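Participant: Would you mind keeping the following structure in view while I ask a few things?
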Amino acid sequence: MKNKSLSYFINLDKFPIDKPKSSRYQYIIKEAQEALDFDGCYVLPSIVNKEAINDMRQEAEKIESLAHYTSNKVNVYFSKDDPTYPKDHPRRFFMDRSNGFVSGDKFPEHSIIRELYYSEELKNFIADCLGVKMYHYADPLASLTMNVNKPGDRFSWHYDTNEFTVTMLVQDCDEGGVFQYVPNIRNKEDECYDEVLKLLKGDMSRVKEIKLNEGDLQLFKGRYALHRATRAEGNKTRNLVVYTYTEKENVIGSSYRSEELYGKTLDVHKEKRVRSDSLTD
């Protein structure tokens, strides 16, 4: 199957990601960097063309049944309970989570969702927005995924294992599904457990909200910001595609997290992992 053109995927008139020297490109980069530096989040509204989104929605509907679905209790680190910590500690604070994930190995060979992820133009554009050299996530299960939220599902507060995540909403639910996040609640040197515990006990004073629309692309620094999506309501499933990138090469997620989210691990998850920091997953 012949690859799609970049103009099929991207509204190049509004977002000329193929023209990095253009004034419009440079304006977007400046705006993105300012937003990401301020609170770790930037949304490119309707960057994906309607035809592409419609085709992606159909592809998503065909593979959503392949999702590994779980309904359980997790902490924000996706780690096991650790009784060496006090009971009133974020690592021992467990919340209800129910959703499914289609892992990267489940996308079809000629997937257009996969094709856009491996677009060098898109990767380079996102790298410019973030102001870093960037690599595709080396984890074969977690590099490209789809978060499946059926009506009644919710994804609780959590961190990402990687520095940067790009999400694309291909099908929205009727109600709910609002993205909530707390920017920079921790950093590379400090878990900031006191601030995390405040949030988990109901202090929403630092929480920001975004309602994504189909065709939007969201750039997000999920390694340092706690985030979640509110409960999906109505009759439609919310399908959110997740593109993952890292600053270092060969970064792999934990075997525990892989088993939890995708229902399996691979040999690469059992080898010595390359991590970008020493934070808890």
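Participant: Out of the stretch 159-172, which residues are part of a strand (DSSP E or B), touching a Lys or Arg at 6+ places or on another chain (Cβ under 7 Å) and under 20 Å from Val207 (Cα atoms)? Walk me through it before giving the result.
Facilitator: In the first step, residues of the stretch 159-172 are kept if they are part of a strand (DSSP E or B); the result is 164-171.
Pick out the ones that are also touching a Lys or Arg at 6+ places or on another chain (Cβ under 7 Å) and you get 164, 170-171.
Within the stretch 159-172, Phe164 is the sole residue that qualifies.
Participant: Select from the stretch 99-113 the residues that are under 15 Å from the mean Cα position of the chain (by Cα) and not aliphatic (A, V, I, L, M) and write down the one among them that is farthest from Ser5 (Cα to Cα). Walk me through it before giving the result.
Facilitator: Of the residues in the stretch 99-113, the ones under 15 Å from the mean Cα position of the chain (by Cα) are 99-104, 113.
In the following step, the residues that additionally are not aliphatic (A, V, I, L, M) were identified as 99-101, 103-104.
Details: Asn99: 33, Gly100: 31, Phe101: 28, Ser103: 25, Gly104: 22 Å.
Going through the qualifying residues, I end up with Asn99.
Participant: Sort out which residues of the stretch 99-157 are assigned to a loop (DSSP other than H, G, I, E, B), closer than 24 Å to Tyr42 by Cβ and aromatic (Phe, Trp, Tyr), and write them in order of number. Give the derivation first.
Facilitator: If we filter the stretch 99-157 for residues that are assigned to a loop (DSSP other than H, G, I, E, B), which is where we start, we get 103, 107-111, 118-119, 131-134, 137-143, 150-153.
Checking which are closer than 24 Å to Tyr42 by Cβ leaves us with 118-119, 131-134, 137, 139, 142-143.
Correct list: Tyr118, Tyr137.
Participant: For the stretch 232-253, give me each residue that is buried (at least 19 other Cβ atoms within 10 Å of the Cβ), farther than 16 Å from Val43 by Cα and either modelled with pLDDT of 95 or more or of a type outside the set (Phe, Trp, Tyr) (or both). Spell out the reasoning first.
Facilitator: Within the stretch 232-253, the first condition is being buried (at least 19 other Cβ atoms within 10 Å of the Cβ), and the residues that meet it are 232, 237-246, 251-253.
From what's left, farther than 16 Å from Val43 by Cα: 232, 237-239, 245-246, 251-253.
Result: Ala232, Thr237, Arg238, Asn239, Thr246, Val251, Ile252, Gly253.
Participant: On to the next question. Filtering the stretch 1-48 down to residues that are more than 30 Å from Asn187 (Cα to Cα) and modelled with pLDDT under 95, which residue is surrounded by the most Cβ atoms within 10 Å (Cβ to Cβ)?
Facilitator: Here the residue is Lys4.
Participant: Name the single residue, out of those in the stretch 60-114 being of a type in the set (Phe, Trp, Tyr) and either under 20 Å from His227 (Cα atoms) or at pLDDT below 95 (or both), that is surrounded by the most Cβ atoms within 10 Å (Cβ to Cβ).
Facilitator: Restricting attention to the stretch 60-114, the residues satisfying the condition of being of a type in the set (Phe, Trp, Tyr) are 69, 77-78, 85, 93-94, 101, 107.
Subset that is either under 20 Å from His227 (Cα atoms) or at pLDDT below 95 (or both): 69, 77-78, 93-94, 101.
Details: Tyr69: 14, Tyr77: 21, Phe78: 20, Phe93: 20, Phe94: 14, Phe101: 23.
Here the residue is Phe101.
Participant: Let me ask something else about it. Can you tell me how many residues in the stretch 1-55 are of a type in the set (A, V, I, L, M), farther than 19 Å from His110 by Cβ, in contact with a helix residue (DSSP H, G or I) (Cβ under 7 Å, 6 or more places away or on another chain) and in a helix (DSSP H, G or I)?
Facilitator: 3
Participant: State whether one or more residues within the stretch 141-164 are without any contact (Cβ under 8 Å) to a residue 60 or more places away in the chain, of a type in the set (Lys, Arg) and either buried (at least 16 other Cβ atoms within 10 Å of the Cβ) or touching a His at 6+ places or on another chain (Cβ under 9 Å) (or both). It would help to see each step written out before you state the result.
Facilitator: Here is the first cut: in the stretch 141-164, the ones without any contact (Cβ under 8 Å) to a residue 60 or more places away in the chain are none.
For the stretch 141-164, residues without any contact (Cβ under 8 Å) to a residue 60 or more places away in the chain, of a type in the set (Lys, Arg) and either buried (at least 16 other Cβ atoms within 10 Å of the Cβ) or touching a His at 6+ places or on another chain (Cβ under 9 Å) (or both): absent.
The values are calculated or read from the model by the stated rules, or taken from the named source; none is laboratory data. Not measured: the values here are computed from a predicted model. Here Cβ is always computed from backbone atoms with ideal geometry, including for glycine, and neighbour counts include all displayed protein chains.
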